[in-house]
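Each remark here refers to the structure printed beneath this line.
The values are calculated or read from the model by the stated rules, or taken from the named source; none is laboratory data. A quick note: this is a predicted structure, and the numbers were derived from the prediction, not measured. Quick reminder, even Gly has a Cβ in these numbers, built from the backbone with ideal geometry, and neighbours come from all protein chains shown.
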Amino acid sequence: MKKIIFLLVLIALKTSCSIAPKKYHRENQVLSTYLKEMKLENIPSKFEYLILIPSFHCEGCVLKSFQYLAQMIDENTKSKICIIGASNVVFPNYIKQRIKVYKDKRNILDSYQLDLESFSIFKMKEENIVDIKFFNSENLLELEEFDFTI
């Protein structure tokens, strides 16, 4: 009898775990649609970190974020990071020379329902978002502590 109860509990747990929604299910769908529209659908499979910068952003925050980022990345991490910025984002040469950068020239990102801050980092694994960190004027110093490892 105990074996039957144990087996039923295991089946119930397995079923509940398999139908539980992913943490970032909606964000994954929106990001996938956006990247398809941008003709960049292979981005999640190539990079472990995707940084998105919308057209409405704090210019000083983005510039400071680029400075922090340039200090943090090395030969091992630079190939893991990709940035997509709105048409009004100015990418310094020291970023463009070290990290793959794309311009959203038509600001398509702004039309999607992704909650973004000035500098949003999406941690990707197996083509899905596993974590999102938002940086703006209030928490920008936390970017110095960000760990670009999976």
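Selection of the range 99-124 for residues being farther than 14 Å from Asn88 by Cα, charged (D, E, K, R) and at pLDDT 90 or above yields Lys100, Lys123. Please verify whether Ile81 is within 15 Å of the chain's Cα centre (by Cα), crowded, with 17+ Cβ neighbours inside 10 Å and closer than 17 Å to Phe146 by Cβ, treating the condition exactly as stated. Yes. When the range 53-76 is filtered for residues that are touching a strand residue (DSSP E or B) at 6+ places or on another chain (Cβ under 7 Å), of a type outside the set (Ser, Thr, Tyr) and assigned to a helix (DSSP H, G or I), the ones remaining, listed by number, are Cys61, Val62. Considering (1) assigned to a loop (DSSP other than H, G, I, E, B); (2) modelled with pLDDT of 85 or more, the lone condition that Phe148 does not fulfil carries the number (2). Within the option set Ile132, Ile121, Ile99, being crowded, with 20+ Cβ neighbours inside 10 Å and under 19 Å from Glu27 (Cβ atoms) holds for one residue only, Ile121. Can you spot a residue in the range 119-128 that is in contact with a Lys or Arg (Cβ under 8 Å, 6 or more places away or on another chain) and of a type in the set (S, T, N, Q)? Among the residues of the range 119-128, at least one is in contact with a Lys or Arg (Cβ under 8 Å, 6 or more places away or on another chain) and of a type in the set (S, T, N, Q), which makes the answer yes. So for the range 69-84 (the condition being under 18 Å from Leu114 (Cα atoms) and aliphatic (A, V, I, L, M)), does at least one residue qualify? Yes, the range 69-84 has at least one match.
Just to be sure, is Ser65 of a type in the set (Ser, Thr, Tyr), out of contact with any Cys (no Cβ under 7 Å at 6 or more places or on another chain) and crowded, with 20+ Cβ neighbours inside 10 Å? When the stated conditions are applied, Ser65 passes them. Candidates Asn88, Asn107: the one that is surrounded by 14 or more Cβ atoms within 10 Å (Cβ to Cβ), without any contact (Cβ under 8 Å) to a residue 60 or more places away in the chain, in contact with a Ser or Thr (Cβ under 6 Å, 6 or more places away or on another chain) and on the phi > 0 side of the Ramachandran plot is Asn107. All of (1) without any contact (Cβ under 8 Å) to a residue 60 or more places away in the chain; (2) touching a helix residue (DSSP H, G or I) at 6+ places or on another chain (Cβ under 8 Å); (3) among the aliphatic types (A, V, I, L, M) hold for Leu52 with one exception: (1).
Remark: pairs (first residue in the range 64-79, more than 12 Å from Leu140 (Cβ to Cβ); second residue exposed (fewer than 14 other Cβ atoms within 10 Å of the Cβ); Cβ separation under 7 Å; 6+ apart in sequence or on different chains) = Ala70/Tyr94.
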